[in-house]
1. In whole Hz, with x marking every Gly and Pro, tabulate ³J(HN,Hα) for region 210-220 from phi via Karplus 6.51 cos²θ - 1.76 cosθ + 1.60, θ = phi - 60°.
2. Would you mind working out the magnitude of the charge dipole of the chain relative to its Cα centre, with +1 at each Lys and Arg C-beta and -1 at each Asp and Glu C-beta, to the nearest 20 Debye?
3. Would you mind ranking LEU37, LEU11 by Cβ crowding within 10 Å, fewest neighbours first?
4. So what is Rg over Rh here for region 261-379, counting just Cα atoms and using Kirkwood for Rh?
5. Of the options TRP247, ILE308, THR101, report the single residue whose Cα projects farthest towards the positive end of the charge dipole of the chain (beta-carbon charges: Lys, Arg +1; Asp, Glu -1).
6. Lysines within cross-link reach of LYS183: Cα-Cα under 27 Å, excluding same-chain residues under 8 positions apart?
7. Could you quote the convex hull projected area for the chain, Cα atoms only and averaged over all directions, in nm²?
8. HN-Hα J couplings of region 67-78 from phi, Karplus 6.51/-1.76/1.60, θ = phi - 60°, integer Hz, Gly and Pro as x?
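Values quoted throughout were computed directly from the atomic coordinates according to the rules given, and no laboratory measurement underlies them. Bear in mind that the values here come from a model prediction, so they are computed numbers and not experimental data. Don't worry about glycine lacking a Cβ; one is built from the backbone with ideal geometry, like all the others, and counts go over all protein chains shown.
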Amino acid sequence: MGHAVRVMYLLAGVADLAHEYDDPSLLETCEKLWENLVHQRMYLTGGIGPSRHNEGFTTDYDLPDETAYAETCASIALIMWNQRLLQFEGDGRYADILEQTLYNGFISGLSLDGKHFFYVNPLASQGSHHRQEWFLCPCCPPNVGRILASLGNYFYSTGDHDLWVHLYGQNSATVTVHGQEIKLRQTTQYPWDGKIQLALDMAQAQPFTLNLRIPGWCTEWRLLLNGQRMRVEPPAMDGYLPITNTWRPGDVLELELSMPAQAVWAHPAVRQMQGRVAIQRGPIVYCVESADNAVENLDRIMLDPAQIADFTVEYRPELLGGVNVLRGPAAMIDQAGWDDATLYRYQQPPTTQPIEVTAVPYCVWDNREPGEMRVWFRAANL
Ligand SMILES: [Zn+2]
């Protein structure tokens, strides 16, 4: 309960104290609150705190889309808290929330020109909500800068004989495992593509366990070491693939995460999402904007969840800084037979017509001409 940003900062402090004092009761409190937050009170984007009135929490399963508050700072603080909880046992459920928030409800707070900011991150808009250059209470803009500047701290963790890879994305890093420096290089188009190449370099061969995260959204993957298929046990409950090996300079791992477009449904208790479906591919939540879809009132669009996996995926380097666009069949409730003198009618239900729908990542919405945006759609068998 309470103000979403302050609660998350407080709980980040609680996690720090749990570590400093080695106090399991503080960690249990964190876990209890985490479960309530993630299972009953978090938007698909990693936004939290639905209400404008207290900039914070309301009741379980209350997740309105158009009036969602979901302050950018609240997503940032959620990332910080989950990063701390992740350090205790390397439990992938914390990395999943961290990633989901990072790629959606956090980075939506920043415009592509890097100069405009959302304070509030709704999941639907009629076209009047836009990023601003500054705010009277300017908490979000520098907070976005702080996370981006410290992003490198979120990718890897080390233990005495362990190395964890939490996040995927093109980067180079130097870490120390058991006193030896190890250079890492990820080569990948992630999150647009699920292929990740991880090259290791070090002065001499060294045995340790490399823990690769298998994201919660991923059901199929394969792993190659120096071009040879590796047979490894699927990850246990904690979402990491532990690979114990004597690693040699020049070893190259290739992880391929299958990344189809997926239909997402909300728990039946979320009254605002009943009969609705959203689209996610990899960690990226998608939205539909007026800029790509000539439909007046995007809420008239109906999607068939069974067809979402077959949506075409196209990387468009020139669009919105370079994003994957999803395209597929949908239907639109049309206006046939309606006129200005009819608000309600009898015996004749509305008709629909087939359309093609184009979806772009939610995080880059409102970077073109102002227009409507929507994440959750009416679900129907078309
Ligand atoms: Zn803020």
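1. Values per residue, Gly and Pro as x: 9, 9, 9, 6, 9, x, x, 7, 9, 10, 9 Hz.
2. Charge dipole of the chain: 300 debye, to the nearest 20.
3. Values: LEU37 20, LEU11 23.
Fewest-to-most ranking of LEU37, LEU11: LEU37, LEU11.
4. Numbers: Rg = 15.3 Å, Rh = 15.4 Å.
That ratio is 1.00, to two decimals.
5. Towards the positive end, the residue furthest out is TRP247.
6. LYS195
7. Working: hull surface 85.1 nm².
For the Cα atoms of the chain, the hull's average projected area reads 21.3 nm².
8. Listing the rounded values in order: 9, 4, 7, 6, 4, 3, 4, 5, 5, 4, 5, 5 Hz.
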